[in-house]
Amino acid sequence: MTLLTQIVIIFNGLIHFGFAVGEIFFTTCLLEELFGFSPEDAIKTAPIAKNAGIYNSFIAAGLFWSVFAKENAFELRLFFLICVAIAGIFGALTLPSKDPTQPRNIKTLFLQTLPATIAIVLVWIN
C-alpha cells in the first residue's frame, strides 16, 4: 500500500472520529448549527445522534485498523470504505438541509462519499 493510500484512509478515519466526537459530546449545538434544529428538537434527538456517534467511532476504528492490518487488509479497507461511501449517500438522501432552498443535505456527499471513493480507487489500484 502506498503512503498516499495510507494517508487518505487515515484521513477518512479522522473524519469519522471527528463526527463521533461531535455527535457524542457536542450533540445539541451541532444539531442546531448544522441542521437548523430548534433547541427543543436538538434535545429530543440528541440520543439518536449520540448513538450515531458510537457507530462513527466503530467506522473510524475499522479504518485505522485496516491501515495496520497484516491479514485481509485489502478486504478490511474496502469493507470500511464502502460502508463510509454508502453512509454518505444515505445521509445525502435523508438528512435535512439547513438551507431551505436545498431539500437534502448534499454536504455529506463531499464530506463522506467523495473522500471514501478516492480511497477506494487508491486501494483498488494498489
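Remarks
- The range 79-124, residues that are of a type outside the set (Val, Ile, Thr) and not in a helix (DSSP H, G or I): 95, 96, 97, 98, 99, 100, 102, 103, 104, 105
- Selection from the range 1-38 of residues that are in a helix (DSSP H, G or I), under 18 Å from residue 63 (Cα atoms) and of a type outside the set (A, V, I, L, M): 5, 6, 11, 12, 13, 16, 17, 18, 19
- Cβ separations smaller than 9 Å between residues 6+ apart or across chains give the following pairs from the range 39-53 residues that are polar (S, T, N, Q) to residues that are not in a helix (DSSP H, G or I): 45/37.
- Residues of the range 1-44 classified as modelled with pLDDT under 85, among the hydrophobic types (A, V, I, L, M, F, W, C) and touching a Lys or Arg at 6+ places or on another chain (Cβ under 8 Å), total: 2
- Entry remark, the range 36-61: residues being over 16 Å from the mean Cα position of the chain (by Cα) and not basic (Lys, Arg) number 11 in total.
- Residue in the range 46-65 that is of a type in the set (Lys, Arg) and modelled with pLDDT of 95 or more present: no
- Residue list for the range 12-21, filter: surrounded by fewer than 17 Cβ atoms within 10 Å (Cβ to Cβ) and within 21 Å of residue 96 (Cβ to Cβ): 18
- Residues being in contact with a helix residue (DSSP H, G or I) (Cβ under 9 Å, 6 or more places away or on another chain) and either aromatic (Phe, Trp, Tyr) or outside any helix (DSSP H, G or I) (or both) are entirely absent from the range 39-52.
The values are calculated or read from the model by the stated rules, or taken from the named source; none is laboratory data. What you are looking at is a predicted structure, and each value in this text was computed from that prediction instead of being measured. With ideal geometry, Cβ positions are generated from the backbone for all residues, glycine too; neighbour counts draw on all protein chains shown.
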